[in-house]
Each structure stands twice: as C-alpha cells, then as structure tokens.
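Below is one structure, written out as structure tokens; comments come after it.
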C-alpha cells in the first residue's frame, strides 16, 4: 500500500464515527434510484469506497441488489458489517482491485475517487470496465475543480485529487464507457461531478 492510501486509511480509521454522525445520508438518493433502475434483475454491484455501508449498500440491498463493498478503512468496514451483516465487505485498495473480468453488473464509487491521485484515475476506470459484464453500469462522482493536495478533514490530514469535469469525462470515455449522463450537481450544499456510464463492448483498444 502506498503512502497516500495509508494516509487515507489512517484518517478514516480515526474519524469514521464522527464523519457519519455529520453526514446527510439521503442527499443522493435520487442518483442511487437512477443507478438501481438501470440494473438488470439479480444484479451484483461492487461498491468501491463503501464506507460504513450507508447509504449506498443499504439502499441497494433493500431493493434486492447484491452488493460487495470494498474500503481501505478497517473502522469503516467494521461499521459496515454491523450495519449490514448479510452483505460482503472486503478490505481492498481501488488501485489494486482483485476481481475477475466480467464479474459485476454494476460498479458504484461515490465520494471515494478523489482520495486517489488523479494520475491513477484512468487505470481505475479501465479496471472498472474490465470487471463489469457487457451492459454493466458505472456510477461515479468526483470534485469539480482540478486540484491535488492534503488538507485537514474532521481534524486529520486527508488527501484529495481531482481533474476538472471535462477531463474526467474524457477519461471515462477513453476507458471504453458509453456515457448515459453527466452533470455537476449540488447535493447537501456541496457540488460534485456525476457520471453514469455503460459498458457496451467487451474489449477496447486502450492507448
């Protein structure tokens, strides 16, 4: 695990409960509903950066969707297992996804990608494409301003990294995804860039 992943892991281990006590857990239910509506019956979804399992994994499992969640933080994962004991949660870095090709019908990564250096984002999108089944749905969000660095977050150092929306969109397309929708949205007093994509091909010629 690299130094940045370790910083993010240690930060969330310290702030997990405080972070969730201050979160609006319903602020992107509309987007979760749209994502769920695009999935086939009996879908299996990978929740990348699952946190404590609420709202994403909880929302989806309550609608009959199978979820596997991954996160760096042991504290977050323990909360997730307490919140959703029937759901599978795994400690894993999104930079090193250990899943076979064509495994999932959906991948969702919300409030997580911006903790990974932006130079890694294309590789992550390519891996998302690889492990999705043909027809699989992708839902992500990132920040809206291009930046990279560390700041204090709930009293601990936290790493942040974003491209601007246009570059993020270009990278999602370059990874092979067809775009369903994309927009900068305000949710809970914050602005993020949201992208819905679909894997229409099984292979793509990456440059």
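Below is a table of values for the structure above.
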{"read-out": "Residue identified as touching a helix residue (DSSP H, G or I) at 6+ places or on another chain (Cβ under 8 Å) and within 24 Å of residue 185 (Cα to Cα) among 153, 89", "value": "153"}
{"read-out": "Those residues of the range 62-80 which are free of Cβ contacts under 8 Å to residues at least 40 places away in the same chain and closer than 17 Å to residue 21 by Cα, in sequence order", "value": "77, 78, 80"}
{"read-out": "Filtered residue count, the range 37-59, keeping only those that are over 14 Å from residue 90 (Cβ atoms), crowded, with 18+ Cβ neighbours inside 10 Å and in contact with a helix residue (DSSP H, G or I) (Cβ under 6 Å, 6 or more places away or on another chain)", "value": "2"}
{"read-out": "Residue match in the range 43-61 (condition: closer than 20 Å to residue 19 by Cα, assigned to a helix (DSSP H, G or I), under 14 Å from the mean Cα position of the chain (by Cα) and at pLDDT 95 or above)", "value": "yes"}
{"read-out": "Qualifying residue in the range 131-139 (condition: farther than 28 Å from residue 199 by Cα, in contact with a helix residue (DSSP H, G or I) (Cβ under 7 Å, 6 or more places away or on another chain) and touching a residue at least 40 places away in the same chain (Cβ under 8 Å))", "value": "no"}
{"read-out": "Residue satisfying all of: in the range 3-36; in contact with a strand residue (DSSP E or B) (Cβ under 7 Å, 6 or more places away or on another chain) and closer than 22 Å to residue 121 by Cβ; surrounded by the most Cβ atoms within 10 Å (Cβ to Cβ) among these", "value": "8"}
{"read-out": "Selection status of residue 101, surrounded by fewer than 17 Cβ atoms within 10 Å (Cβ to Cβ), more than 18 Å from residue 49 (Cβ to Cβ) and out of contact with any strand residue (DSSP E or B) (no Cβ under 7 Å at 6 or more places or on another chain)", "value": "yes"}
{"read-out": "Residue among 69, 64 that alone is closer than 16 Å to residue 111 by Cβ and either buried (at least 18 other Cβ atoms within 10 Å of the Cβ) or out of contact with any strand residue (DSSP E or B) (no Cβ under 6 Å at 6 or more places or on another chain) (or both)", "value": "69"}
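To keep it simple, each residue is scored yes or no on (1) modelled with pLDDT under 95; (2) part of a helix (DSSP H, G or I).
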| site | (1), (2) |
| --- | --- |
| 8 | no, yes |
| 13 | no, yes |
| 17 | yes, yes |
| 33 | no, yes |
| 37 | no, yes |
| 69 | no, no |
| 78 | no, yes |
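The values are calculated or read from the model by the stated rules, or taken from the named source; none is laboratory data. Values in this document were obtained by computation on a predicted structure and should not be read as measured data. Don't worry about glycine lacking a Cβ; one is built from the backbone with ideal geometry, like all the others, and counts go over all protein chains shown.
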